[in-house]
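Worksheet: the structure to be examined is printed underneath.
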Amino acid sequence: MTTAPVIGVTAGRLVDEAGRVQHRLAETYLSAVRDAGGHPLVLPVGSRSDVLRLLDGLLLTGGGDIDPRAYGDEPAGTEVESVDPERDSTELALIRQAPPDLPVLGICRGIQVMAVAFGGTLIQDITQDVGTPIRHRQSAPRHTVTHVVDMHPASRLASIVGWRLPVNSFHHQAVRTVPSPFRACGWTADGIIEAMEATDGSFRVGVQWHPEDLAPADPGAVRLFRAFVAAAGAYGSGAHG
Ligand code: MN
């Protein structure tokens, strides 16, 4: 029997006005996975890594900043926002303990989690640390593209979305150093890393933009989710029938 690939989707948290912790996940992540043929399974903060056995793919979603101590830095000050150490440890454990061939898509914070998990480092604040004329934190609506990303022509990502892709941008941090087994495969003109992918043939792709908010109208965003869910389907049929 064929079933939809199960895609684990990580959730974030916030504290509401009553002081209760609430889990939070934008609907657009779930609809993008569903529209691509996947079955989303929400993974709350605190999920243990044995849940990986249930998954055909893992989607690491956007959110607050990773504690800089996770990559050997001290917090540079007020530039670091909304740190949730338990979310950090949950997601870092998931990606580290995932089978190397489990398809993974990391979005925004997710590409940063993938990098940090394998020994990479981050730019804590693009404006402060680098300076650029490109607005990586756009004020335009989330479904609006505001800057382009140039892909490495020989990358898997370029084969999915093309060599040059207009994207949206809602980040103030970025990957600084890309660890093995990844390579950078997409950049803005200011040199900021906007995408990376595994070099071992597995579908492990990270993007700094938010394709879930561009789908379903944007062909590049739709193709990325379809490729991810297709990889998850292939993984699932090989791993557990
Ligand atoms: Mn950007």
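The values are calculated or read from the model by the stated rules, or taken from the named source; none is laboratory data. Computed from a predicted model, the values in this text were never measured in an experiment. Here Cβ is always computed from backbone atoms with ideal geometry, including for glycine, and neighbour counts include all displayed protein chains. These accessible areas exclude ligands, DNA and RNA; they are computed on the full protein's heavy atoms, side chains included. Shrake-Rupley method; radii C 1.70, N 1.55, O 1.52, S 1.80 Å.
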### Task
Inspect all residues belonging to segment 186-200 and state whether any of them is assigned to a helix (DSSP H, G or I) and more than 14 Å from the ligand (Cβ to nearest atom).
no
## Note on the structure
The residue from Gly186, Gly206, Gly233 that alone is surrounded by 19 or more Cβ atoms within 10 Å (Cβ to Cβ), of a type outside the set (Lys, Arg), touching a residue at least 40 places away in the same chain (Cβ under 8 Å) and under 20 Å from Gln112 (Cα atoms) is Gly206
#### Entry: Lone qualifier among Ala140, Ala93, Ala115 - being buried (at least 19 other Cβ atoms within 10 Å of the Cβ) and not hydroxyl-bearing (Ser, Thr, Tyr)
Ala115
## Note on the structure
By residue number, the members of segment 4-63 that are touching a Pro at 6+ places or on another chain (Cβ under 6 Å) and not aliphatic (A, V, I, L, M) are His23, Asp35, Gly38, Asp56, Gly57
### Message
Could you check segment 169-183 and list, in sequence order, the residues that are within 15 Å of the ligand (Cβ to nearest atom) and surrounded by fewer than 21 Cβ atoms within 10 Å (Cβ to Cβ)?
### Response
Phe170, His172, Arg176
### Query
Can we say Gly57 is in contact with a Lys or Arg (Cβ under 8 Å, 6 or more places away or on another chain) and modelled with pLDDT of 95 or more?
no
### Query
Just one of the numbered conditions (1) part of a helix (DSSP H, G or I); (2) at pLDDT below 95 is not true of Phe228; which one?
(2)
### Query
Among the residues of segment 161-168, is any open to solvent by less than 20 Å² (accessible area, probe 1.4 Å), more than 22 Å from Tyr29 (Cβ to Cβ) and modelled with pLDDT of 95 or more?
no
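Kindly indicate whether any position in segment 51-64 is farther than 24 Å from Ala215 by Cβ and either part of a loop (DSSP other than H, G, I, E, B) or of a type in the set (Asp, Glu) (or both). It would help to see each step written out before you state the result.
The initial filter retains those residues of segment 51-64 that are farther than 24 Å from Ala215 by Cβ, namely 51-54.
Remaining after also requiring either part of a loop (DSSP other than H, G, I, E, B) or of a type in the set (Asp, Glu) (or both): none.
No; the residues of segment 51-64 include none that is farther than 24 Å from Ala215 by Cβ and either part of a loop (DSSP other than H, G, I, E, B) or of a type in the set (Asp, Glu) (or both).
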### Task
With the condition kept exactly as written, say whether any residue in segment 150-167 is among the acidic types (Asp, Glu) and within 16 Å of the ligand (Cβ to nearest atom).
yes
### Summary
Taking segment 201-225 and the residues there that are more than 11 Å from the chain's Cα centre (by Cα) and assigned to a loop (DSSP other than H, G, I, E, B), the one that is nearest to the ligand (Cβ to nearest atom) would be Asp218
